[in-house]
1. Would the range 130-137 turn up any residue that is free of Cβ contacts under 8 Å to residues at least 60 places away in the same chain, on the phi > 0 side of the Ramachandran plot and out of contact with any Asp or Glu (no Cβ under 7 Å at 6 or more places or on another chain)?
2. Kindly list the number of the only condition in (1) modelled with pLDDT under 95; (2) more than 17 Å from Glu195 (Cβ to Cβ) that fails for Val254.
3. Given the structure, is Tyr233 within 16 Å of ligand 1 (Cβ to nearest atom) and out of contact with any strand residue (DSSP E or B) (no Cβ under 7 Å at 6 or more places or on another chain)?
4. Taking the condition over 17 Å from the mean Cα position of the chain (by Cα) and either surrounded by 24 or more Cβ atoms within 10 Å (Cβ to Cβ) or in a helix (DSSP H, G or I) (or both), does Lys237 pass?
5. State whether one or more residues within the range 175-182 are touching a residue at least 60 places away in the same chain (Cβ under 8 Å), within 11 Å of ligand 1 (Cβ to nearest atom), of a type in the set (Gly, Ala, Ser) and surrounded by 24 or more Cβ atoms within 10 Å (Cβ to Cβ).
6. Test of understanding: among Ala95, Ala50, which residue is within 19 Å of Ile222 (Cβ to Cβ) and within 15 Å of the chain's Cα centre (by Cα)?
7. What residue, among those in the range 142-164 that are more than 15 Å from ligand 2 (Cβ to nearest atom) and among the polar types (S, T, N, Q), is farthest from Asn57 (Cα to Cα)?
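The values are calculated or read from the model by the stated rules, or taken from the named source; none is laboratory data. Being a predicted model, the structure only gives us computed values, none of them experimental. Every residue, glycine as well, gets a Cβ built from its backbone with ideal geometry; the counts of neighbours run over all protein chains shown.
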Amino acid sequence: QALQTVVGTGNSQYNGQVPINTTLSGSTYKMLDASRGVGGTFGGMAITNANHSPESNPQAGSIYTNSTNVWGDGQQYISGGSTTNANGQTAAVNALWGLMNTYDTMKNVIGWQSLDGQNTATYIAVHVDNNYDNAFFDPNCKCMYIGDGSSFYSLGSIDVIGHEMGHGVVDATSNLTYSGESGGLNESFADINGEMVEAYARNGGTGTVIPAGNDWMMGKEIAKNGQPLRWMYKPSKDGASKDAWSSTLGSINVHYSSGPNNRAFYFLSQGSNSTSSSDYYSQYLTKQPLAMTGIGNDKAYRIWFKAATTKFTASTNYATARTKMIEAANELYGVGSKESIAVQRAYAAINVGA
Ligand code: ASN
Ligand code: ZN
């Protein structure tokens, strides 16, 4: 029996009312988008209720169902809450909207289908554990879990979902080892993916990532204290991440050693030669004078994605990443192209190469 994909209305927590693809099965609507991905555990992109199973042994649970095709109330989940959100549909809306946009960004901007590039469907289970301040990709199920948060709001913003699914792409490709410099590059892949999905979604999903449509801050929406998880344009703003490479970079937490590559990507996309006096620009370049013009999100993302998914290995470090990025830019845009030179300058700006 063919599944009928229908468009429902989701009341999301961070993006207002959003159109979500669901499946009508008899008279019941299911949070299954069978138009994105094939096979996998549920035969399409699905959102399930982990039902507070522990983070140490999370369970997928079952797919969300509803008697109408209107979902959630846009409110933060409160344990035992008595609102229409008590069954937790809003977290599921956040998840499906993020997953649809993640899928579309990679497919329409890169030409990459789902996490493995083979269009295998994945899923997200929401409400893992209790008051859980994290979200994570699980390589066993090749799926993602989202916590309800405690010091954060529910960890289902678009950039966080794009981040975790980015780990899924790494898992299916280079499998960058999650420690040392390769671990920082793994984290940076996830952050870049999250930001590009955010940019794509804000542009209305037309297939072109808009320059600076994203905020270059990871997880701003989920912050209760106004502080994002990470600042890609100037990572050291968090007090722990590094702005530039040094020989000790590989000894710090991977969420901090991602900083220099995040910043190189920011420079590659947005440039460094603005006259603006904000934190974003060239006064923070490590090496002067290397002011450069950005090549925009689309090209930067294509070069990075190609290098990381087809040229990186598990042990790729910053120096090799630079070499592979230049290779990818040469192949995509020509040897000595302005794109290739921009890659060189972006890495020089974080003290990798000249
Ligand atoms: N949310 C975290 C991350 O994706 C989970 C972890 O520590 N790996 O980076
Ligand atoms: Zn991560």
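1. No, the conditions are met nowhere in the range 130-137.
2. Only one criterion in (1) modelled with pLDDT under 95; (2) more than 17 Å from Glu195 (Cβ to Cβ) is unmet by Val254, namely (1).
3. no
4. For Lys237, the condition - over 17 Å from the mean Cα position of the chain (by Cα) and either surrounded by 24 or more Cβ atoms within 10 Å (Cβ to Cβ) or in a helix (DSSP H, G or I) (or both) - is met.
5. No, the conditions are met nowhere in the range 175-182.
6. None of the others qualify; the one that does is Ala95.
7. Only one residue fits best here, namely Ser151.
Matching residues to (1) away from ligand 2 (no atom under 13 Å from the Cβ); (2) assigned to a loop (DSSP other than H, G, I, E, B):
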residue: Asn131; (1), (2): yes, yes
residue: Asn140; (1), (2): yes, yes
residue: Asp171; (1), (2): no, no
residue: Leu176; (1), (2): no, yes
residue: Gly183; (1), (2): no, no
residue: Asn186; (1), (2): no, no
residue: Ala190; (1), (2): no, no
